[in-house]
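Notes follow once the structure below has been shown.
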Amino acid sequence: MKANRKLLTEVLKDIQHDMSDEEVLNLLADSKISESPATEKYTLGQRAADAIARFAGSWAFIFAFTGVLILWMVINTILASNAFDPYPFILLNLVLSCVAAIQAPLIMMSQNRQEQKDRRRAENDYKVNLKTEIMIEDLYDKVNAILAKQSVLEKKLQEQEEQTKS
């Protein structure tokens, strides 16, 4: 709580004109916490990287790729001397290396973008939690003030009852 109060005082220092606690709470309550991720515009390359990463990380890709590899090896083994890629499958190794060389950076680009989204989401969660905590503290202070006034009123009522009895 002390860290939040310190942060709040730093925020208040940044504000050029003086504001009461209530005005700060209203400002925080009215402030927009996050932008909708649906409104973000991605380039064609970013969308392609996301689609490739999504497909490359699926069971469908693993099964399809395994099927292609087995088919490649079976065809070249059956064709034997007429094979387009005979037994050590050098062309297959080249294809696999090229796929890995192209796929890895695309997946990393997608992961970096996802990391940025996660970082923004965490920052928004922190802002929401801070805002909620400040509002709860304010409500707590108001409830305490109400309870203090209530106890004062109860004392006054007791005094009045004692005066009416005597």
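The values are calculated or read from the model by the stated rules, or taken from the named source; none is laboratory data. Everything numeric here is computed off the predicted structure, so don't read it as measured data. Ideal geometry is used to build each Cβ from the backbone, glycine not excepted, and the neighbour counts take in all protein chains shown.
You will find that of 67, 57, the residue that is surrounded by 10 or more Cβ atoms within 10 Å (Cβ to Cβ), modelled with pLDDT of 95 or more and of a type outside the set (S, T, N, Q) is 67 and no other.
So for the range 128-142 (the condition being under 30 Å from residue 47 (Cβ atoms) and either touching a Lys or Arg at 6+ places or on another chain (Cβ under 9 Å) or in a helix (DSSP H, G or I) (or both)), does at least one residue qualify? Steps first, please.
Applying the first criterion (under 30 Å from residue 47 (Cβ atoms)) to the range 128-142 yields 128.
Cutting the leftovers down to either touching a Lys or Arg at 6+ places or on another chain (Cβ under 9 Å) or in a helix (DSSP H, G or I) (or both) gives us 128.
Yes.
Identify the residue in the range 70-121 that is part of a loop (DSSP other than H, G, I, E, B) and surrounded by 10 or more Cβ atoms within 10 Å (Cβ to Cβ) and, among all such residues, is nearest to the chain's Cα centre (by Cα). Among those that are part of a loop (DSSP other than H, G, I, E, B) and surrounded by 10 or more Cβ atoms within 10 Å (Cβ to Cβ), it is 89. Condition first: touching a residue at least 60 places away in the same chain (Cβ under 8 Å) and among the hydroxyl-bearing types (Ser, Thr, Tyr). Now tell me which residues in the range 74-117 satisfy that. The one that is touching a residue at least 60 places away in the same chain (Cβ under 8 Å) and among the hydroxyl-bearing types (Ser, Thr, Tyr): 110.
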